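J.: The structure that follows is given in the form of structure tokens.
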Protein chains: 2
Amino acid sequence: MTTLKKVGRPKKFDRDTALMSAVNVFWLKGFDGASMTDLTEAMGVNPPSLYAEFGDKLNLYRLAIDRYASNDACSPLVAFESEPDIEKAVRAFLNEVIVYSTKHSSGAKGCFLSSSVATSAGEIEGVQELLKKAIETTDRRLAKRFDEAKTEGSLRKDFPSLERARLMFDLRQGLVFRARAGCSVKSMKTDIDQRVRMILSDQSS
Amino acid sequence: MTTLKKVGRPKKFDRDTALMSAVNVFWLKGFDGASMTDLTEAMGVNPPSLYAEFGDKLNLYRLAIDRYASNDACSPLVAFESEPDIEKAVRAFLNEVIVYSTKHSSGAKGCFLSSSVATSAGEIEGVQELLKKAIETTDRRLAKRFDEAKTEGSLRKDFPSLERARLMFDLRQGLVFRARAGCSVKSMKTDIDQRVRMILSDQSS
DNA sequence: ACAAATTTGTAGTAATCATTATATAAATGT
DNA sequence: ACATTTATATAATGATTACTACAAATTTGT
């Protein structure tokens with residue numbers, strides 16, 4: 001039984017959907033640019049309910065970051081992990097980064113963490129730590145896929161998984177920054193083939 | 001004659017130094033996070049004088065972005081351009097990006113454009129265009145140095161200057177993002193040698 | 001010395017901000 | 001049926017926001 005009857009008037013909103021709406025508002029406008037009015041309207045939650053459920057604005061922001069950062073379904077990562085062929089997987093990752101950062105349904109460009117949260121890392125307590133953790137987690141998640149390709153035999157034994165994971169992730173920042181700046185999909189896609197080769201290249205030479 | 005006597009009470013501030021102080025405040029706090037009180041205090045300019053000199057907050061922001069983006073003395077670029085040996089030049093660029101984004105005198109981490117301005121590109125009119133222009137200008141400025149190395153003979157004739165310029169710039173975004181998230185200098189420096197080789201590598205194989 | 005011009009410093013404006021007090025509505029338990 | 005519990009809706013709170021009116025201060029020109 002997941003739905004156990006509770007006393008009192010039932011909530012009008014779903015916690016997780018409301019939180020994702022908050023992510024979209026913060027993504028589009030940033031922490032300081034997003035007003036509580038923006039948030040309550042987008043989330044469909046009245047101020048008193050919002051404060052009861054999520055605490056104050058800062059706490060809601062931290063929860064939004066955490067929700068976004070711990071999203072296993074992040075499409076570029078999923079694309080990278082679900083494609084069996086490692087070369088196609090790397091290509092799918094880069095492709096999906098471009099699609100994701102230019103065509104998100106909320107209208108926000110780039111990536112919530114690197115295009116919006118980064119700004120508040122200088123001032124808002126706790127944000128920098130959340131960001132750092134998200135980066136390290138993603139580095140490891142990317143490296144894991146490379147490690148699997150190594151044990152499976154499609155990548156050579158001395159392939160530097162973590163180093164190339166960081167490379168992929170850093171290239172990603174470039175793409176999302178360009179997306180936020182309004183660069184065209186076409187202009188960003190021109191370098192993909194070359195970058196796939198680089199990421200998988202043997203640099204012992 | 002640069003200093004011509006003007007009637008009226010003289011200004012107490014230097015326009016350009018005040019503008020650079022504004023850059024630092026916006027860099028640290030973002031557009032919405034920076035209050036006019038923050039700005040007037042840091043710039044040493046009273047509100048009426050500020051409005052007379054720079055217009056409203058939005059116009060000051062645009063001027064600050066323009067001042068920062070058109071700074072020929074950007075230390076990573078200068079390092080890249082002034083080192084004669086192309087391999088050392090690439091290494092100097094990456095090194096300087098790390099130093100710049102972690103040790104800036106204002107206390108702000110990362111890069112003003114990618115760590116702060118990017119947030120406002122979603123909402124504030126004109127910012128996205130300024131960003132895009134800055135990216136394209138930097139891409140070309142980096143490519144120019146590669147072209148010079150080609151004509152001078154230290155890089156092969158078919159070296160793809162603009163493609164590698166974009167690569168360098170995108171890798172830079174990764175570094176400044178990590179810096180903003182509080183990653184250590186040491187952790188970021190580990191990949192430099194490998195990345196230098198990649199940027200200069202021959203990918204015809 | 002005095003008028004004209006321009007900036008400074010202070011104190012204010014109206015609007016918006018995050019947050020909360022109050023009252024009403026909708027569920028369950030007995 | 002009625003008390004208890006929880007969430008809702010509205011409106012108000014004090015603080016802060018961007019911005020400006022006003023008077024004093026400091027320069028040049030005559």
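J.: In the stretch A:67-110, what count of residues is obtained for those that are farther than 28 Å from A:Lys150 by Cβ, in contact with a Lys or Arg (Cβ under 8 Å, 6 or more places away or on another chain) and either open to solvent by less than 10 Å² (accessible area, probe 1.4 Å) or more than 14 Å from every other protein chain (Cβ to nearest Cβ) (or both)?
T.: The total comes to 2.
J.: Looking at the stretch B:121-133, which of its residues are facing chain A (nearest Cβ under 7 Å) and over 19 Å from B:Leu175 (Cβ atoms)?
T.: Listed by number, the residues that qualify are B:Ala121, B:Gly122, B:Glu123, B:Gln128, B:Lys132.
J.: B:Lys144 versus (1) over 26 Å from A:Cys183 (Cα atoms); (2) charged (D, E, K, R); (3) away from every other protein chain (no Cβ under 11 Å); (4) touching a helix residue (DSSP H, G or I) at 6+ places or on another chain (Cβ under 9 Å): which is the lone unmet condition?
T.: Single failed check for B:Lys144: (1).
J.: Output yes when any residue across the stretch B:164-174 is away from every other protein chain (no Cβ under 13 Å) and either surrounded by fewer than 21 Cβ atoms within 10 Å (Cβ to Cβ) or in contact with a Pro (Cβ under 8 Å, 6 or more places away or on another chain) (or both), and no when none is.
T.: No, because not a single residue in the stretch B:164-174 is away from every other protein chain (no Cβ under 13 Å) and either surrounded by fewer than 21 Cβ atoms within 10 Å (Cβ to Cβ) or in contact with a Pro (Cβ under 8 Å, 6 or more places away or on another chain) (or both).
J.: Could you please give the count of residues in the stretch A:1-24 that are more than 14 Å from chain B (Cβ to nearest Cβ), open to solvent by 20 Å² or more (accessible area, probe 1.4 Å) and in contact (Cβ under 8 Å) with a residue 24 or more places away in the chain?
T.: Residues that pass the stated criteria total 6.
J.: While we're looking at this one, here's another question. Taking A:Leu60 as meeting all but one of (1) of a type outside the set (D, E, K, R); (2) within 13 Å of DNA strand D (Cβ to nearest atom); (3) over 30 Å from A:Met188 (Cα atoms), write down the number of the exception.
T.: (2)
J.: Also: Would you say B:Ala52 is farther than 30 Å from A:Thr102 by Cβ, open to solvent by 40 Å² or more (accessible area, probe 1.4 Å), touching a helix residue (DSSP H, G or I) at 6+ places or on another chain (Cβ under 8 Å) and within 16 Å of DNA strand C (Cβ to nearest atom)?
T.: Here the answer is no, as B:Ala52 does not meet what is asked.
J.: If we scan the stretch B:4-15, do we find a residue that is aliphatic (A, V, I, L, M), within 16 Å of DNA strand D (Cβ to nearest atom) and at pLDDT below 95?
T.: yes
Condition check ((1) of a type outside the set (D, E, K, R); (2) without any contact (Cβ under 8 Å) to a residue 12 or more places away in the chain; (3) open to solvent by 40 Å² or more (accessible area, probe 1.4 Å)) across all residues:
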| site | (1), (2), (3) |
| --- | --- |
| B:Ser114 | yes, no, no |
| B:Gly126 | yes, no, no |
| B:Leu155 | yes, no, no |
| B:Asp191 | no, yes, no |
| B:Arg197 | no, yes, yes |
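J.: Modelled with pLDDT of 95 or more, over 25 Å from B:Lys109 (Cα atoms), more than 16 Å from DNA strand D (Cβ to nearest atom) and of a type in the set (Asp, Glu), is that true of A:Glu53?
T.: no
J.: Considering only residues that are of a type in the set (Gly, Ala, Ser) and either at negative phi or within 9 Å of DNA strand C (Cβ to nearest atom) (or both), look in the stretch B:25-49 and name the one that is farthest from the other protein chains (Cβ to nearest Cβ).
T.: B:Ser49
Per-residue answers, yes or no, for (1) under 30 Å from A:Asp191 (Cβ atoms); (2) assigned by TED's automatic domain parsing to the domain that holds A:Phe177; (3) within 15 Å of the chain's Cα centre (by Cα); (4) within 14 Å of DNA strand D (Cβ to nearest atom):
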{"residue": "A:Phe31", "(1), (2), (3), (4)": "no, no, no, yes"}
{"residue": "A:Ser35", "(1), (2), (3), (4)": "no, no, no, yes"}
{"residue": "A:Leu39", "(1), (2), (3), (4)": "no, no, no, yes"}
{"residue": "A:Gly44", "(1), (2), (3), (4)": "no, no, no, yes"}
{"residue": "A:Leu77", "(1), (2), (3), (4)": "yes, yes, yes, no"}
{"residue": "A:Lys88", "(1), (2), (3), (4)": "yes, yes, no, no"}
{"residue": "A:Glu96", "(1), (2), (3), (4)": "yes, yes, yes, no"}
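J.: Would you mind finding the one in B:Gly122, B:Gly126 that is assigned by TED's automatic domain parsing to the domain that holds B:Gly182 and on the phi > 0 side of the Ramachandran plot?
T.: Only one candidate qualifies: B:Gly126.
The values are calculated or read from the model by the stated rules, or taken from the named source; none is laboratory data. Everything numeric in this text was worked out from a predicted model, so none of it was measured. Methodologically, a virtual Cβ is constructed for each residue, glycine included, from the backbone with ideal geometry; neighbour enumeration extends over all protein chains shown. Quick note on the areas: whole protein, heavy atoms, side chains included, nothing else; ligands and nucleic acids left out. Shrake-Rupley method; radii C 1.70, N 1.55, O 1.52, S 1.80 Å.
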